[in-house]
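The values are calculated or read from the model by the stated rules, or taken from the named source; none is laboratory data. Keep in mind that this is a model prediction, so the values were computed, not measured. No Cβ is skipped: glycine too gets one built from the backbone with ideal geometry, and neighbour counts run over all protein chains shown. Each accessible area value is taken on the protein alone, full model and side chains, heavy atoms only, with ligands, DNA and RNA left out. Shrake-Rupley method; radii C 1.70, N 1.55, O 1.52, S 1.80 Å.
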Amino acid sequence: GAGAEPATLDWRKCDAVGKILAACPQQCLSLEDYYKQVCPQILDLLHIQDKVAARQFQRVATTTLLTMAREQPELAERHLLQPLLAPLRRCSEATELALEDLTAGAVLVPETELGSCVEDVLKVYVVGNDSSSLLLGSLQSVLGVVFSLYSFAKQNVSYLRSPCQDVLLWFLEKAEREQSLAVLEGLARLSSHVPTLHPQCQLRVGSEGGAAIVVGETISDEDEALYQKISLEQCHVESLVELLSHCQKSGLAGDFFIHCLKELTQVVAEDEAAPKPAVEPGGSLLELEQYQAREGRKLLVLQLVAALCEGVSDTVFTDIVQVELWGSSPPCLPVFLGASQGVNPRSIGASAALLPPQLKSSDFVVLKRLVPLLEELSRTYPEPLTQELASDLRIAICTHGACSPGTVGAAADSVLGRKAGMGAQSPAGLPGRAPSPTSLQDGQRSPSARRDRSEGQSTCCEPSASSASAAPRADSLAPAGLQELLVSAYDPQPPSRAAALRRLASMVTQQDPEALRVQEKLLQVFLENVQHEDAFVYLSAIQGIALLSSEYPERILPVLLAQYECPAQGTADTMAAVTRMKLGEVLMRVTRALGDTVFQHRERLIGAFLRGARDPDSALRASSLSNLGELCQHLGFQLGSIVQEVTCCVTAIARTDPEAEVRRAAVHVVVLLLRGLSEKVTEVLQDVLRDLYRLLKHVVTAERDAATVLHA
């Protein structure tokens, strides 16, 4: 009645009613009978439709359920929790279903029932917020299905994504750390701690924005079945990383990252210790299945570590003790520093950024336990770049960060500081120009020079020496001459080459007269190093070109645009496409640096990206469209009449391009265009707004790629 709202605010009244309902009256014959009659009604209270009354009844139902769970856990589980979770348990792999009696496409859990179940779980567990062992245990039994639903909703447009995410995060926060790690391991399919969705069940998009669970069709084509399996695993790994990105403050993401790295270490150790043939002669079918399971687990661990490096590695450690724990196992640090370079170059930058400026003296006491291991790595590890990084990290720890040598700075700046479009892909580029004899001799003696530098800096290192652009020949910390830097820019060793490039870029920033006199030569050096395959090197070159272009756009931009549209003759198509994508990143950095003055260069930039969007290479088409979208967002109302060309290009590509990633990029151009124009959208796009609407409507109804549909 009229007092509903005040009563809702006075939660004590609702709790009092809940406790009365939880208490069995004296006239009832047995407690079991009372629970049988009352519990279904309590669950019905969660489904009241009247918004004002629903808040009261939800509070009463939640309080009653939690009180019963505390006082009579066995009866509460049988009559409340099991019926509450029944729709989710019905399709769990832990449940034996007579699926062979059901036809493909038969609905196991209708959309309405599944949506209502997820909302009820949210109300009881998350809103009720009682982390008793009974509630945590019952919820754990369905977390695998909830996670599958979360992953499915993440790939589609569904209102279930948010409640599923809240339920998963609540459990991970409330459970003991060991239990949370075991659940994460189960969600990653590395263990069987969490029952997952039944392999014969399939999620299907519902008509009301939810989802239904149906019996999946049996795929007879082995290749198609394998593709579906790999796609699903990839989707689950990405969803798990997304979930962990919300668990970084609590330290759970860091602990799970360490756990995965130790798993990776174990995989590497097993392969080195006992490499086995794929199928042993005369082996049984059971042995073959066990072998395939082991190999599948190894691949899953590698995939998980790669995704974690990409998604959360640069901010994953919230506690310095985690850093020490991560490195205290001797095989773990070299695996992460060295072996995972092949997985993702950003992981090296994560290592280099482990020493943030806000560390306290007590933190360095913990970190010093890593010094012996880092010293051993710098002497014995076979990969030169890892040796260099280990040595520099050791120096930074020993000097409490007062001295941060060149490799650490370059790694942190070029890898973590900038999420360049090509930074995470580490494509195989073209080798740089053949170095001169002088530089070859320089490169031959560089390992000893590095050792001399390390020994000198570890004994006496001044704070002023902390520079991301230390002299590449490193026998001394004095600034090198311009000529020596130009020679070092072709050094065979990537750290020396990257340091020289960053020093040259610094001279441009400081308006060094000697460097400005040879700016054409500097541009040539940077452009040739853009083709280098090492991420440190080509990102340093990209930074140098961007700085030159922002200082002298009229002179440098035409050269860049010519290189972007017409790559060097005689290069392979794939390598040329990779180089052009790197140059596209340069052009976008210049665009950001120029700010509003980019307007005078808009036609040349947009024309270059439009031509790139018609290139035979699909990756370059997608990259060009991505750049075009960002440029349109930046220009906003300054686009003018050229918006007609952009619209025609995007429409044609979104409708006809054979590659899903390119169609996705085309639709994303529209998203960025609308975002950049904001409230001016009807004014600037009045001539093409209807065309864009029709395009998006076509994509929603006809497109097969789920991500493209989500953009639209």
Proximal lysines to LYS123, defined as alpha-carbon separation beneath 30 angstrom and excluding residues fewer than eight positions away on the same chain: LYS13, LYS19, LYS36, LYS51, LYS154, LYS174, LYS249
Reachable lysines, given that their alpha-carbon falls under 19 Å from the alpha-carbon of LYS298 and they are not under 8 places away in the same chain: LYS229, LYS262, LYS276
Surface per residue (accessible, 1.4 Å probe) for region 657-712, Å²: 57
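Just order 287-296, 524-533, 577-586 by mean Cβ neighbour count inside 10 Å, highest at the front, would you? Don't skip to the end; give the middle numbers.
Details: 287-296: 12.3, 524-533: 21.4, 577-586: 23.9.
Highest-to-lowest ranking by the protection proxy: 577-586, 524-533, 287-296.
Could you work out what % of the accessible surface of region 103-247 is carbon and sulfur, using a 1.4 angstrom probe and leaving DNA, RNA and ligands out of the count?
On the way: 3130 of 6360 Å².
Answer for region 103-247 is 49 percent, counting heavy atoms of protein chains only.
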Relative packing of 686-699, 651-664, which averages over residues the other C-beta atoms within 10 Å, highest first: 651-664, 686-699
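Taking 0.36 nm per residue of sequence separation and subtracting the Cα-Cα distance, how much length would be gained by fully extending the chain between ILE219 and ALA16, in nm to one decimal?
On the way: separation 203, 0.36 × 203 = 73.08 nm, distance 5.51 nm.
In short, 67.6 nm is gained.
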Separation of alpha-carbon centers, region 25-57 and region 511-536, rounded to whole Å: 75
Accessible solvent surface per residue of region 1-71, calculated while the other protein chains remain in place, 1.4 angstrom probe, Å²: 62
Largest-first ordering by accessible area, 1.4 Å probe, given options SER151, SER158, SER131: SER131, SER158, SER151
Protection proxy ranking of 589-601, 17-29 - average other beta-carbon atoms within 10 Å, highest first: 589-601, 17-29
Modelled FRET efficiency - R0 22 Å, ILE48 with LEU134, Cβ distances, 0.05 increments: 0.30
Inter-label distance for SER30 and SER641, nm, one decimal - labels placed 7 Å from Cα along Cα-to-Cβ: 8.8
Simple spin-label estimate for ARG614 and GLU178 in nanometres, 7 Å along Cα-Cβ: 6.5
Solvent-accessible area per residue, Å², over region 481-566 with all protein chains present [probe radius 1.4 Å]: 34
Accessible surface of region 576-642 [probe 1.4 Å, protein heavy atoms]: carbon and sulfur percent: 50
Within straight-line cross-link reach of LYS582, lysines at Cα separation under 18 Å, skipping those fewer than 8 residues along the same chain: LYS419
Carbon/sulfur fraction of accessible area - region 1-71, other protein chains in place, 1.4 Å, %: 57
Centroid-to-centroid separation of region 652-712 and region 181-196 [C-alpha atoms, Å]: 38
